[in-house]
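Undergrad: This is the structure, below, for whatever I ask next.
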Amino acid sequence: MPEAKKQTLQLNFDRHEVPVSRSVAVAVGVLLMGVAKSDHNIAVGEREEVVRAISEYFLLERTTAAKITQISESLLEDRGKLEECVAILREVYTQQQLEKLLLLSWRVSNSDCDIAPAENEFIRGISDKVGIDYPRLRKLRQQAIESGT
């Protein structure tokens with residue numbers, strides 16, 4: 001990650017005591033909690049799926065992933081943070097990593113066995129912002145549904 005971007009991440013997440021090495025995990029957490037919160041009802045299964053996804057994706061202890069999830073949820077109170085996190089991820093992630101992130105988003109959405117219309121629209125909006133086309137997004141959605149999570 002470019003040094004300038006590391007400094008930006010540090011400045012933006014500084015008040016939450018997030019080390020630079022965890023800033024991208026927080027950005028991912030903000031996105032995933034945004035999915036869960038987009039229908040105004042965060043199901044227990046959705047929050048657990050966010051913790052699991054962060055833990056597995058970043059190879060973190062569950063307690064660390066839970067703390068990142070909590071910080072991410074608090075950052076969502078500022079709508080600008082979501083946009084900032086999407087911009088960060090678009091800049092530092094490859095196309096393949098962005099697709100993996102959207103797959104994780106669908107899994108969070110489907111973790112309560114229901115992809116609400118608001119969640120669908122939220123994920124579609126994110127995919128537009130990160131440059132993933134609609135046919136590819138539909139394939140990722142189907143993959144998440146077929147995987148059972």
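Undergrad: With a cut-off of at least 1 residues that are in contact with a Ser or Thr (Cβ under 9 Å, 6 or more places away or on another chain) and polar (S, T, N, Q), name the helices (runs of 4 or more DSSP H) lying wholly within the range 46-149. Steps first, please.
TA: Working: elements: 62-75, 79-92, 95-110, 117-130, 134-147.
Counting at least 1 such residues, we get 62-75, 95-110, 117-130.
Undergrad: Of everything in the range 63-80 that's out of contact with any Lys or Arg (no Cβ under 8 Å at 6 or more places or on another chain) and not hydroxyl-bearing (Ser, Thr, Tyr), which residue is surrounded by the fewest Cβ atoms within 10 Å (Cβ to Cβ)?
TA: By that ranking, first place goes to GLU77.
Undergrad: Can you name every residue in the range 92-106 that is among the aliphatic types (A, V, I, L, M) and within 12 Å of the chain's Cα centre (by Cα)? Let's see the steps before the verdict.
TA: Of all residues in the range 92-106, those among the aliphatic types (A, V, I, L, M) come to 92, 98, 101-104.
Within the range 92-106, LEU98, LEU101, LEU102, LEU103, LEU104 meet the criteria.
Undergrad: Now, a different point. State which residue is modelled with the lowest pLDDT when the search covers only the range 81-109 and only residues that are of a type in the set (Asp, Glu) and crowded, with 16+ Cβ neighbours inside 10 Å. Spell out how you get there, then give the answer.
TA: Of the range 81-109, the ones of a type in the set (Asp, Glu) are 83-84, 91, 99.
Those left that are additionally crowded, with 16+ Cβ neighbours inside 10 Å: 84, 99.
Values: GLU84: 89, GLU99: 95.
So the residue we want is GLU84.
Undergrad: Give the residue that is nearest to LYS37 (Cα to Cα), with candidates limited to residues of the range 131-149 that are surrounded by 17 or more Cβ atoms within 10 Å (Cβ to Cβ) and at pLDDT 95 or above.
TA: Per the stated criteria, the residue is ARG141.
The values are calculated or read from the model by the stated rules, or taken from the named source; none is laboratory data. The shown structure was predicted, so the numbers you read here are calculated from the model rather than taken from an experiment. All Cβ positions, glycine included, derive from the backbone under ideal geometry; neighbour counts span all protein chains shown.
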